[in-house]
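Chemist: Questions regarding the structure given below will be posed in turn.
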Amino acid sequence: MTMNAASYSSVVSHSAFRSLDTKLSPSSSGIPSLIRVTCHSDCNKSTSQASLLLCRSSNNGWKVMLGGTSSWDTLPRRNLIGQTSYSVSTTTYGGVAIESPSHIAEEKVGVLLLNLGGPETLNDVQPFLFNLFADPDIIRLPRLFQFLQRPLAKLISVLRAPKSKEGYAAIGGGSPLRKITDDQALALKDALDAKGLSSNVYIGMRYWYPFTEEAVHQIKRDGITRLVVLPLYPQFSISTTGSSIRVLQHMFREDASLSKLPVSIISSWYQRQGYIKSMADLIEKELQSFSEPKEAMIFFSAHGVPVSYVEDAGDPYRDQMEECIYLIMQELKARGINNEHTLAYQSRVGPVQWLKPYTDETLVELGQKGVRSLLAVPVSFVSEHIETLEEIDMEYRELALESGIKNWARVPALGLTPSFITDLADAVIEALPSAKALYASTSTSEEEHDPLRYLVKMFFGSILAFILFLSPRMITAFRNLI
């Protein structure tokens, strides 16, 4: 990546997290408002001409220029491997420095990787499911019934645990997501180090260890002075990136020092050329496993979300997914690969309508139409986990073969693909100049100061909930959910 006398643009969060609550309907999670910031990088330019410059120094390091004269300090060596972060020892030429008229001090750059998390043993399955269903971004209850979130999550997790345990037992007794994400963090750390940027890379899982809260506490203890948040979801959704951002929003709002920490959030990165080319590389390679590569249909299977997220809450997930598929296919066509392709959505749960077409129904239809060779591509996942290893590799493969599809293959998740890791490192470096301090919110709703109103809502909400749960329609819907 050439930085001398050049400029580039990166999408960054605007006004920190303050916009998260205003861009969606009141019952939904927030989506950050985005602006585009152009940062110039000519190191010969006077620092007084720009508020922030990310520059290559003569000794191949990165410097954040805020004014004053140039100098480098040494960052103390840290050893956090095996916990929730990974650190790179910093030398006088590999760090990111803040230059001010009064003093020179090196910045401590942190990168926070966000992911779903997964149970590591069969005993972890039920509490993991509880954490999942207790998230209001997963089961979105009306405001009046939100006090039922945790009791409902407890009931569903207990009832679903036996079936889920069977799935995890089939892939070795637990999710490999923690180990894979650890490996990705180490690889990203090495890639940033190779580009001259020393950093601590942290892992924050949403529903299992190491939790996002743990990572944030470690970031604070380490004295990180500039943070890039990188969700390991290519496309943004309320239920993935949005949910994790809500956790960060709450923590930063409640902590005075964290609210001042400059943060840049890479909310989605499906359109990056490094990601698109990496996906195309894997698809092109796997097509060669067929005796007739040109005859194989490319079948993109993405994690689904309820339709209400998109139509009512403004979730951009479907649009981003469709654009992502278009970009990947354009890259393949540029390589002379013109196979037919289709997109479907998997992993739906409960009685509500999810994004269509559904993966299972589409596989049956393709078999009925005479498709005989199919290449499955898990497009919304960058790591192997239960939805690739069990749902796609076992359930959908069996369904496809039963439906008349004779030749089946599956593209592996990106994992540690070098071009993918390198592109993530570039994304982090590009995002650094856009980091902005987060501002604590001092506004509190009127209801939080009115206990009488809260008690009235609880009383009538309980009565309505009791009536609803006894209704035949609700009983049928609940049976479908579990």
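The values are calculated or read from the model by the stated rules, or taken from the named source; none is laboratory data. Computed from a prediction, not measured in an experiment: that's the story for all the values here. Note: ideal-geometry Cβ built from the backbone for every residue, glycine included; neighbour counts use all protein chains shown. Areas reflect the complete protein model, heavy atoms only, side chains present, ligands, DNA and RNA absent. Shrake-Rupley method; radii C 1.70, N 1.55, O 1.52, S 1.80 Å.
Chemist: So which residues in region 148-182 are under 23 Å from the mean Cα position of the chain (by Cα) and open to solvent by 60 Å² or more (accessible area, probe 1.4 Å), if there are any at all?
Modeler: Lys179
Chemist: Quick check on my filter: what residues within region 294-319 are over 14 Å from Ala344 (Cα atoms) and of a type outside the set (Lys, Arg)?
Modeler: Once the filter is applied, which keeps residues that are over 14 Å from Ala344 (Cα atoms) and of a type outside the set (Lys, Arg), region 294-319 yields Glu295, Ala296, Ser308, Tyr309, Val310, Glu311, Asp312, Ala313, Gly314, Asp315, Pro316.
Chemist: Tally the residues that are among the small types (Gly, Ala, Ser), open to solvent by less than 40 Å² (accessible area, probe 1.4 Å) and outside any strand (DSSP E or B), restricting the search to region 102-147.
Modeler: Of the residues in that region, 3 qualify.
Chemist: Given the criterion touching a residue at least 60 places away in the same chain (Cβ under 8 Å) and in the same structural domain as Gly404 (by TED's automatic domain parsing), identify the matching residue among Ala296, Ala280, Ala334.
Modeler: Details: Ala280 fails: touching a residue at least 60 places away in the same chain (Cβ under 8 Å); Ala334 fails: touching a residue at least 60 places away in the same chain (Cβ under 8 Å).
Selected residue: Ala296, the only one of Ala296, Ala280, Ala334 that is touching a residue at least 60 places away in the same chain (Cβ under 8 Å) and in the same structural domain as Gly404 (by TED's automatic domain parsing).
Chemist: Return a yes/no flag: does region 386-395 have any residue that is modelled with pLDDT of 95 or more, in contact with a Pro (Cβ under 6 Å, 6 or more places away or on another chain) and within 30 Å of Ala194 (Cβ to Cβ).
Modeler: Yes: region 386-395 contains one or more residues that are modelled with pLDDT of 95 or more, in contact with a Pro (Cβ under 6 Å, 6 or more places away or on another chain) and within 30 Å of Ala194 (Cβ to Cβ).
Chemist: Do we find a residue being surrounded by 17 or more Cβ atoms within 10 Å (Cβ to Cβ), in a helix (DSSP H, G or I), within 22 Å of the chain's Cα centre (by Cα) and at pLDDT 95 or above anywhere in region 362-378?
Modeler: No: region 362-378 contains no residue that is surrounded by 17 or more Cβ atoms within 10 Å (Cβ to Cβ), in a helix (DSSP H, G or I), within 22 Å of the chain's Cα centre (by Cα) and at pLDDT 95 or above.
Chemist: Here's something else I'd like to know. Does Leu399 count as touching a Leu at 6+ places or on another chain (Cβ under 8 Å), surrounded by fewer than 21 Cβ atoms within 10 Å (Cβ to Cβ) and in a helix (DSSP H, G or I)?
Modeler: When the stated conditions are applied, Leu399 passes them.
Chemist: Restrict the check to region 276-289 and report whether at least one residue is closer than 27 Å to Ile138 by Cα and touching a Lys or Arg at 6+ places or on another chain (Cβ under 9 Å).
Modeler: Scanning region 276-289, I find no residue that is closer than 27 Å to Ile138 by Cα and touching a Lys or Arg at 6+ places or on another chain (Cβ under 9 Å), so the answer is no.
Chemist: Please go through region 271-310 and pick out each residue that is of a type outside the set (Ser, Thr, Tyr), open to solvent by less than 10 Å² (accessible area, probe 1.4 Å) and more than 20 Å from Arg397 (Cα to Cα).
Modeler: Across region 271-310, the qualifying residues are Ile276, Met279, Ala280, Val305.
Chemist: Looking at region 225-258 only, could you name the residues that are among the β-branched types (Val, Ile, Thr) and open to solvent by less than 10 Å² (accessible area, probe 1.4 Å)?
Modeler: Val228, Val229, Ile238, Thr241, Ile245
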